[in-house]
Amino acid sequence: QVQLVESGGGLVQPGGSLRLSCAASGSIFPINAMGWYRQAPGKQRELVAITESGARITYADSVKGRFTISRGNAKNTVNLQMNSLKPEDTAVYYCKASTNWSSTWGQGTQVTVSS
């Protein structure tokens, strides 16, 4: 059973930066996609950024140019560097890891952008 451990959330002022990390373990199949999603109060969960097959990367339009997703040096890790944060980036951020057969969600980490 795949387990995800997320870290790096917190409180930051507008214009600040945060880095989220996610590590997956326990998968017996190759993890070919890892990404970050977020859910703000009263809104649906939405894609923030995803990296697939180690090459294709997709960003939500709202974060392009500010956020960068990357696979970590350790196997099955993914990072999200978030710069120029805005109050509207406030949400619970979830890591998701997918194999060809199933997907697993992390428990989420709170990101709050406020002065």
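The values are calculated or read from the model by the stated rules, or taken from the named source; none is laboratory data. Every value quoted in this text rests on a predicted model; they were computed, and no experiment measured them. Positions of Cβ are backbone-derived with ideal geometry, glycine not excepted, and every protein chain shown enters the neighbour counts. Accessible surface is based on the protein model in full, side chains and every heavy atom, while ligands, DNA and RNA are left aside. Shrake-Rupley method; radii C 1.70, N 1.55, O 1.52, S 1.80 Å.
Summary of computed values
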| item | result |
| --- | --- |
| Candidates D61, D89, filtered to the one that is closer than 23 Å to T112 by Cα, touching a residue at least 12 places away in the same chain (Cβ under 8 Å) and acidic (D, E) | D89 |
| Segment 20-33, subset surrounded by 14 or more Cβ atoms within 10 Å (Cβ to Cβ), touching a residue at least 60 places away in the same chain (Cβ under 8 Å) and out of contact with any Cys (no Cβ under 7 Å at 6 or more places or on another chain), residue nearest to D89 (Cα to Cα) | L20 |
| Any hit, segment 2-19, residues being exposed (fewer than 12 other Cβ atoms within 10 Å of the Cβ), modelled with pLDDT under 95 and not small (G, A, S) | no |
| Answer from T77, T109 - the residue that is over 17 Å from R38 (Cα atoms), within 11 Å of the chain's Cα centre (by Cα) and either open to solvent by less than 30 Å² (accessible area, probe 1.4 Å) or touching a residue at least 12 places away in the same chain (Cβ under 8 Å) (or both) | T77 |
| Qualifying residue in segment 83-91 (condition: loosely packed, with under 15 Cβ neighbours inside 10 Å and modelled with pLDDT under 95) | no |
